[in-house]
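Structure record follows, encoded as C-alpha cells.
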Amino acid sequence: MRLLHLLRRPRAELDAPIWLSRSTLLVVLLLAALAPLVSAPYVNFDRSMVLVYIVVGLGLNLLTGNTGQISLGHGFFFALGAYLSAVLMEHHGVPYPLLPPLAFVLCYLAGYLFGLPALRLHGLQLALATLGLALVTPAVIKRFEHVTDGQAGINVFGAEAPAGTGLARDQWVYYLCLAVALVAYLVVRRLAAGRVGRSLLAIRDYEAVATTLGIPATRTKTAVFAFSAALAGVGGVLYSWVVQYVGPEAFGLPLAIAFITMIVVGGLGTVPGVLFGACFVVYVPQWTADIDQSAAGITYGAALILFIFVLPYGVLSLVRLGLAPVLARIPGRRRGRPAPREAARVPVAP
C-alpha cells in the first residue's frame, strides 16, 4: 500500500541538479545520433517511428496533461500533415525540407479554427467532439480521392539522403526525425516549465480563478490546441517519410487511441514521459502480436485501465521512485519545487 501511495503521488521527490539533467540529455542525444550507423534498416524504422510519436505526443501532452483538454481528434491533423507531404512532394515536386514548416502553419490554422468552437466544451463533451473528428477522417480522405487517391493511397519516394553524406535513406530519415523531435522537445519543455506552463496549470485546475487574475482562458486553450495540432501535422510529415506510404486506413480511431495511450503511459503533464509512451506504442504491440495477433488489439485498452487506476502519473513515476534515493545523495539537488497540481494553486498571469 505504501508503494501504491508513492506511485500515485503527482511527483516524487526527484529534482536532479541542472548539470545532471543536461549531462543526461547530452548522453542520450549522443547515443541516439550514433545508433542508426550500427543498426539494420528495420531497427532504424522502428526508432524513427518512436521519434514521430514523440513529436505528436509532446503537443498532445501539453494540451491534455497541462491544460486538461482531452482530444481524440489529433489523428485528423496527423493525416493532414501526412497527405500534405505526400501530395506536394509526389504530385507537385515541392522540396521535402519545406514540408514540416508548411504542415505546421496549415495545421495550426486548422487547429485554431476547430478549437474556437470546440474548446467552449469541457471534459467528456470535448472528447466526444474530437472523437467525431477521428471517426470521419478516413471517410474525408476517401471523399477527396481526386487529391488523395482515395483507397489506393499515395506512395512516397522522396526525402532521399543528399549525395556525399554516405548515409542510406533509413539513416537520413532517422536523423531528420531526430532533429525535429529535439526542436519540439526543447520548445515544449520551455513552455511547460515557464510562465506559460504555470498559466496552463491554473486554467486546468482553477479556470474561474485564473480568468479573474487576467489569464485569457479561452484564447490560451485555443492557442495550445492549435499548437498541439501543428505538432501533430509535423509528425504526419515525418510519418510519410518513414513509412513511404499514406492511406486512409492508417488514420482511423486506433491511431487516436494510440496517441492517448502514449501520453497516459508516459505520464500526463510530464515532458520526458512522452519518450516512454512513444516506445510503448511502437514496441509493445509488436511483442504482443508475436504471442497472439488478437492480443495486440487488447494492449492499449489494458494499458489505459492499468495506468489510470494504478499509475496515474505514468512510467515516469516509477523512474522517479527508483532514482529518488540516488539523487537524494547528490550535492546541488534542487529542493522545494512544487508538484504540478500544487503549483497551480497560485495562478500566474502570462
Could you look through region 147-158, keep only residues that are under 12 Å from M89 (Cα atoms) and modelled with pLDDT of 85 or more, and pick out the one that is most open to solvent (accessible area, probe 1.4 Å)?
-> F157
What residue, of L200, L178, L238, is farther than 17 Å from Y96 by Cα and outside any loop (DSSP other than H, G, I, E, B)?
-> L200
Index of the failed condition, G166 passing every other in (1) more than 20 Å from the chain's Cα centre (by Cα); (2) on the phi < 0 side of the Ramachandran plot = (2)
All conditions in (1) among the hydrophobic types (A, V, I, L, M, F, W, C); (2) modelled with pLDDT of 90 or more; (3) closer than 22 Å to V55 by Cα are true of A161 except (2)
Matching residues in region 181-218 - criterion: being of a type in the set (S, T, N, Q) and open to solvent by 40 Å² or more (accessible area, probe 1.4 Å) | T211, T212, T218
Checking G81 against (1) assigned to a loop (DSSP other than H, G, I, E, B); (2) in contact with a Gly (Cβ under 7 Å, 6 or more places away or on another chain), the condition it does not meet | (1)
Considering only residues that are farther than 18 Å from A226 by Cα, part of a helix (DSSP H, G or I) and at pLDDT below 90, look in region 84-126 and name the one that is least open to solvent (accessible area, probe 1.4 Å).
-> E90
Picked from region 304-317 (must be in a helix (DSSP H, G or I) and under 17 Å from the mean Cα position of the chain (by Cα)), the residue nearest to I260 (Cα to Cα) is L304
Test for Q244: is it open to solvent by 50 Å² or more (accessible area, probe 1.4 Å), more than 30 Å from I215 (Cβ to Cβ) and modelled with pLDDT of 90 or more | yes
Pairs with Cβ under 9 Å, 6+ apart, first in region 44-60 and touching a residue at least 60 places away in the same chain (Cβ under 8 Å) and among the charged types (D, E, K, R), second open to solvent by 10 Å² or more (accessible area, probe 1.4 Å) and not in a helix (DSSP H, G or I) | R47/S39
L80: surrounded by 24 or more Cβ atoms within 10 Å (Cβ to Cβ), over 14 Å from the mean Cα position of the chain (by Cα) and under 19 Å from V147 (Cα atoms), yes or no?
-> yes
The listed residue being within 21 Å of the chain's Cα centre (by Cα) and without any contact (Cβ under 8 Å) to a residue 24 or more places away in the chain, out of R190, R219, R198 = R190
Flagged pairs (Cβ under 6 angstrom, 6 or more apart or on separate chains; first in region 232-261, of a type in the set (G, A, S); second not in a helix (DSSP H, G or I)) are S240/V156; S240/V246; G247/G153; A256/L72
Within region 300-312, can you find the residues that are surrounded by 19 or more Cβ atoms within 10 Å (Cβ to Cβ) and at pLDDT below 75?
-> Y300
Inside region 247-256, the number of residues satisfying the requirement of being more than 23 Å from G301 (Cβ to Cβ) and either in a helix (DSSP H, G or I) or at pLDDT 95 or above (or both) is 1
Among the residues of region 33-59, write down those that are crowded, with 20+ Cβ neighbours inside 10 Å and either out of contact with any Phe, Trp or Tyr (no Cβ under 9 Å at 6 or more places or on another chain) or among the hydroxyl-bearing types (S, T, Y) (or both).
-> S48, Y53
Residues that are outside any helix (DSSP H, G or I), within 16 Å of L34 (Cα to Cα) and in contact with a helix residue (DSSP H, G or I) (Cβ under 9 Å, 6 or more places away or on another chain), drawn from region 159-175 = T165, L167, A168
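The values are calculated or read from the model by the stated rules, or taken from the named source; none is laboratory data. Computed from a prediction, not measured in an experiment: that's the story for all the values here. All Cβ positions, even for glycine, are placed from backbone atoms using ideal geometry, and neighbour counts span all protein chains on display. Note: accessible area is taken over every heavy atom of the protein model, side chains too, but ligands, DNA and RNA are not part of it. Shrake-Rupley method; radii C 1.70, N 1.55, O 1.52, S 1.80 Å.
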